[in-house]
């Protein structure tokens, strides 16, 4: 039995796609010093966008050890991803809860 990938599906219209990304990029004074890992995810994100997915990206930055720390915010990653995709990328302050569920249910095809 082979493991399916996103490329095994031709349409994601109206569906949410949860994508685990490695956006653990190096930062210098709050700015990304190397965006290679972000660029590596672009082909998958674009593929899903072209097929109408509502894309939910999950990642981490650094090792916050279970505590919120602004030093490890993914905001610089979201901003860079927005630049590379040429569209807004919505970011949330948490990864669980009703705010996340409700927001992802309201996404439009191609939203990230």
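No lab work stands behind these numbers, since they all come straight from the coordinates. On a predicted model such as this, the values are computed, not experimentally measured, just so you know. All Cβ positions, glycine included, derive from the backbone under ideal geometry; neighbour counts span all protein chains shown.
A straight chain from residue 65 to residue 104 at 0.36 nm per residue would run longer than the Cα-Cα distance by 11.4 nm. Take every Cα pair under 8 Å in the chain that's 6+ residues apart, average their separations, divide by the length, and report that relative contact order as a whole percent. Computed over the chain, the figure is 32 percent.
Per the Debye formula with a single identical scatterer at each Cα and no solvent contribution, what log10 I(q)/I(0) holds for the chain at q = 0.09, 0.12, 0.14 Å⁻¹? These q points yield log10 I(q)/I(0) values of -0.25, -0.45, -0.60. Counting 0.36 nm for each residue step from residue 95 to residue 28 and taking away their Cα separation leaves a gain of 21.6 nm. Across region 19-77, the convex hull enclosing all Cα atoms gives 83 Å³ per residue. Modelled spin labels at residue 11 and residue 75, positioned 7 Å past Cα toward Cβ, are 4.0 nm from each other. With the highest mean first, a sort of the peptides 66-79, 95-108 on other beta-carbon atoms found within 10 angstrom per residue produces 66-79, 95-108.
Placing a pseudo-label 7 Å from each Cα along the Cα-to-Cβ vector at residue 1 and residue 87 gives an inter-label distance of 3.3 nm. Sorting the segments 42-48, 88-94, 32-38 by their mean number of nearby beta carbons within 10 angstrom, highest to lowest, gives 42-48, 32-38, 88-94.
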